[in-house]
Amino acid sequence: MPLVKAQHKRATLLDIKSQKCGLRHTVFSVCGDEYTGEWQNNKKHGRGIQLWKKSGAVYDGDWKFGKRDGHGTFSVLLPQSKTYAKKYCGEWKNGKKHGHGVFFYNHSAMYDGEWVEDQRSGWGRMHFENGDFYVGEWMNDKRHGRGIIRFSNGNWYEGTWQDGKKNGDGKFYYSDKGQLYVGVWKDGVAKCGTLSDCGRDKATTPPTYPIPKLHLMDAQLVLKEAKSAYLDNHSLTTGSAAGS
């Protein structure tokens, strides 16, 4: 009987010692992945570094019950140079990018702003590879809300967005023509507004003749009525399509 109790006690002690808790040296997985850092109840918890053998990726940051949670940096291995390139640096929650962070798509394209479950959502700035630059609101990884985009050719748009397209009230400046459009947009297409000369003297390819000035007693009233008529007609069309 005493022998059985002693063996049981030794087995219990070994089991306790095998539990990963607190600060540990590098722990290797069967697949070759390795983790160095803090543990709690057999889960990565606290500060630690994870290396994935197959992809060569590395995460250095905070963990919570086995998932990236808090602040951390995710880097990828560049096969040709055998060096690491920072991919994302910022906040995490439940294993996903969540909160404020910077994501590097490549050497010239990057996003600096808010994230919700791995998607750009909230306010953020995006530098595109072709030189375009957008600053404003996002939702579900698309431009959505108020925002300004400046194109590499000098043109810019300021207004509202929906599902990544210009929708609602907005201004578009054509730098090459020296013209400014102010009005309503639908799915990226101008629908109802005014076009006027703006910076014509600095434009590279202005039209041959300037835009004639309006001589209406109340141009804004005319534009308001035209906008209202378009929106009413669009609502009817949308309603009919939905009903069919």
Practice item. For segment 153-158, take each phi angle, set θ = phi - 60°, evaluate the Karplus expression 6.51 cos²θ - 1.76 cosθ + 1.60, and give the result in whole Hz per residue in order, putting x for glycine and proline. Key: 8, x, 6, 8, 10, 10
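When the expected Rg is taken as 2.2 N^0.38 Å, what fraction or multiple of it is the alpha-carbon Rg of segment 20-104? Could the numbers behind the result be given before it?
Values: Rg = 12.8 Å, N = 85, 2.2 N^0.38 = 11.9 Å.
Compactness ratio reported: 1.08.
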Study note, to complete from the structure: Out of Y157, W138, Q119 - ranked by how far each Cα lies towards the positive end of the dipole of segment 109-164, with unit charges on the beta-carbon of charged residues - the top one is Y157
Revision key, fill the gap. From the Cα centre of segment 178-199 to that of segment 55-81, the distance in Å is 45
Review point. Going by average Cβ neighbours within 10 Å, how do the peptides 149-155, 58-64 rank, with the highest at the top?
Key: 58-64, 149-155
**Study point:** Distance violations [Cα-Cα > 25 Å] among K54/K96; K43/K93; K43/K142
**Key:** K43/K142
Practice item. Taking the Cα centre of segment 20-104 as origin, work out the dipole magnitude from +1 charges on Lys and Arg Cβ and -1 charges on Asp and Glu Cβ, in debye rounded to 20. Key: 180
Review point. Rounded to the nearest 20 Debye, what is the dipole magnitude of segment 106-219 about its Cα centre when Lys and Arg each give +1 and Asp and Glu each give -1 at the C-beta?
Key: 460
Review point. What ranking, highest mean first, results for peptides 202-213, 128-139 when packing means the other Cβ atoms within 10 Å averaged over each residue?
Key: 128-139, 202-213
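Quick one: grab the alpha carbon gyration tensor of segment 106-219, order the square roots of its eigenvalues as a ≥ b ≥ c, and give me rounded if a/c is under 1.5, else prolate or oblate depending on whether a/b is larger than b/c. Mind dumping the intermediate values first?
On the way: a/c = 3.57, a/b = 1.72, b/c = 2.08.
The shape class here is oblate.
For a protection proxy built on the mean count of beta-carbon atoms within 10 angstrom, sort 31-42, 93-104 highest first, please. Let's see the in-between values first.
Working: 31-42: 14.7, 93-104: 16.9.
The peptides rank, most packed first, as 93-104, 31-42.
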Practice item. Add +1 for every Lys or Arg and -1 for every Asp or Glu among the other residues with Cβ under 13 Å from the Cβ of G56, and state the total. Key: +2
Study note, to complete from the structure: Taking protein heavy atoms only, a 1.4 Å probe, and rounding to whole percent, the accessible area of segment 135-198 owed to carbon and sulfur comes out at 47
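The values are calculated or read from the model by the stated rules, or taken from the named source; none is laboratory data. From a predicted model like this one, the values you see are computed outputs, not experimental measurements. Neighbour counts are summed over all protein chains in view; Cβ atoms, including those assigned to glycine, are modelled from backbone coordinates with ideal geometry. Calculation scope for accessible area: heavy atoms of the full protein, side chains included, ligands and nucleic acids excluded. Shrake-Rupley method; radii C 1.70, N 1.55, O 1.52, S 1.80 Å.
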